[in-house]
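S.K.: Below is one structure. I have some questions about it.
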Amino acid sequence: ADEYRDPAHARAELARIARLAATLGATRDKPISIMEICGGHTHTIFRHGLDRLIDQGIEFVHGPGCPVCVLPQARIDECIEIASRPGVVLATFGDAMRVPGTKGSLLVAKAKGADVRIVYSPLDALALARKMPEREVVFFALGFETTMPATALTLLQAEREGIKNFSLFCNHITVPQPLRVLLQDPMMQIHGFVGPGHVSMVIGLEPYEFIAEQFRRPLVVAGFEPVDLLQSVAMVLTQLVEGRAEIENQYARVVRKAGNPQALAAIDAVFEPRASFEWRGLGEIEWSGMKIRGRYAAFDAEQKFGVGYGGTRAATAPELADCRCGEVVKGAMKPPDCPLFGTVCRPETPVGALMVSSEGSCAAYWQYAGRR
Ligand code: SF4
């Protein structure tokens, strides 16, 4: 990927962006707003100082693209409820450990005696189930379309092996539906989008078509190196200058128009859309989450334990006073505008989920931009 970090290449793209921004009359006070949807892009933007494009009238608005950050407190509470049941081993990715629910985090639950273990893949969780047949191993399945295929294939593997003590607490969510909600909000002033590279590798380009067709906004799927992002911004600006609204692919070295058929088939075999799923800051969004298909109910922790959408839901919790996670997730506010940013809310003592995950915009801002 060296060519996508090449300074000369980056300078050429910066000059192109400056020309296009000037053509559009963009200024620091009247910027062109481009939402990057993916938390990985947010990280690249701050790590490489691309947020300074604001000097040329290009403002990045950070979207709801970190799956840990958009989990509502109720889902963490439900996960802790399952983890606290006798005989349960809760297996989770590390970045979910410190996300606060209303009764603390999984880390706090572990300190109180719950058997919570960090794994690096769903297959690691399945290996735990094989090793401990007397325990019920529950995998905290999280993430957008990128991580769904691995979860689906793990469940199918568990079924093939006849493993009965393994289940998923399913929190998989999809990217397109929250974008529709954001675009329907008359307060949102977004001129174009930089689309997520990894998600698009799985789903392809077609699911974004409504953004161009119904809402007349350009979207360019982007890679994760600095030149990828600069090229993508230039492509969005070019569309705006030419009066076009199309779905384009800057990340063609990885993303195919039709996505990954094998990955999509695995997702479809195991999951189906939920009628509604709650997002932090965005509320309930129709058809935005996935659930395990009925034929695999034996692997569905919500049904096994009667918790969550399959049983008793944890109460929806109001955000803490002064917490602005909801506004930041929607792109309506920048992290430093939250009164808790850098005071009580820091990576060591996160108040909100956006400060926990390295892909959260508050954590990225704190790590790279907040202390410049
Ligand atoms: Fe949420 Fe903390 Fe960011 Fe404020 S600073 S929006 S509380 S994560």
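Any read-out appearing in this document is the output of simple, stated calculations on the displayed coordinates, not a laboratory observation. Please read these numbers as outputs of a predicted model, since none were measured by experiment. Ideal geometry is used to build each Cβ from the backbone, glycine not excepted, and the neighbour counts take in all protein chains shown.
S.K.: Tell me, what is the FRET efficiency for residue 55 and residue 333 to the nearest 0.05, using R0 = 30 angstrom and their Cβ-Cβ distance as r?
M.R.: Efficiency computed from Cβ-Cβ geometry: 0.90.
S.K.: Hey, got the dipole for the chain? About the Cα centre, +1 on K and R Cβ, -1 on D and E Cβ, debye to the nearest 20?
M.R.: 520 debye
S.K.: If the cut-off is a Cα-Cα distance under 30 Å, which lysines reach residue 110, setting aside same-chain residues fewer than 8 apart in sequence?
M.R.: Those lysines meeting the cut-off are 131, 164, 291, 304.
S.K.: Lone cysteines in the chain, defined as no other cysteine's Cβ under 4.7 Å from theirs: which are they?
M.R.: Lone cysteines by the Cβ rule: 38, 79, 170, 323, 325, 338, 345, 362.
S.K.: Apply the a/c threshold of 1.5 to the C-alpha gyration tensor of segment 107-167 and tell me whether it is rounded, prolate or oblate.
M.R.: Oblate is the answer for segment 107-167, as a/c is 1.5 or above yet b/c matches or exceeds a/b.
S.K.: What is the calculated FRET efficiency for residue 293 to residue 47, with r their C-beta to C-beta distance and R₀ = 45 Å, to the nearest 0.05? Mind showing how you got there, number by number?
M.R.: Working: r = 39 Å, r/R0 = 0.87.
Once rounded, the FRET efficiency stands at 0.70.
S.K.: What's the extension gain from residue 269 to residue 214 if we count 0.36 nm per residue and subtract their Cα-Cα distance?
M.R.: 16.8 nm
S.K.: Let me have the 222 nm mean residue ellipticity of the chain computed from DSSP H runs of 4+ only, each contributing -39500 (n - 2.57), with the sum over all residues rounded to the nearest 500.
M.R.: -10000 deg cm²/dmol
S.K.: Next question. What ranking, highest mean first, results for peptides 28-35, 327-334 when packing means the other Cβ atoms within 10 Å averaged over each residue?
M.R.: Highest mean packing first, the order is 327-334, 28-35.
S.K.: Next question, about the same structure. For the residue pair residue 2 and residue 27, what label-to-label distance in nm results when each label sits 7 Å from Cα along the Cα-to-beta-carbon direction?
M.R.: 4.3 nm
S.K.: For labels at residue 103 and residue 257 in the simple 7 Å Cα→Cβ model, what's the distance in nm?
M.R.: Modelled inter-label distance: 5.2 nm.
S.K.: Give me the distance in nm between label points sitting 7 Å out from Cα along the Cα-to-Cβ direction at residue 286 and residue 161, one decimal.
M.R.: Those two pseudo-labels are separated by 4.1 nm.
S.K.: Using amide H atoms built 1.01 Å from N in the peptide plane, name the residues 5+ places from residue 139, or on other chains, whose amide H lies under 5 Å from its own.
M.R.: 91, 167, 168, 169
S.K.: Can you give the extra length, in nm with one decimal, that the chain gains between residue 19 and residue 132 once fully stretched, where that is 0.36 nm per residue apart less the Cα-Cα distance?
M.R.: 34.5 nm
S.K.: Given +1 on the Cβ of Lys and Arg, -1 on the Cβ of Asp and Glu, and no further charges, what dipole in debye does segment 306-352 carry about its Cα centre, rounded to the nearest 20?
M.R.: Computed about the Cα centre, the dipole is about 140 debye.
S.K.: So, R0 is 41 Å and r is the distance between the beta-carbons of residue 206 and residue 120; what FRET efficiency does that work out to, to 0.05? Could you put the intermediate results ahead of the total?
M.R.: Numbers: r = 31 Å, r/R0 = 0.77.
Efficiency for this residue pair is about 0.85.
S.K.: Using Cα pairs under 8 angstrom and six or more residues apart, how large is the relative contact order of the chain, in percent?
M.R.: Rounded, it is 22 percent for the chain.
S.K.: Let me ask you something else. Take each of the peptides 184-191, 135-142, average the number of other beta-carbon atoms within 10 Å over its residues, and list them starting from the highest.
M.R.: Result, highest mean Cβ count within 10 Å first: 135-142, 184-191.
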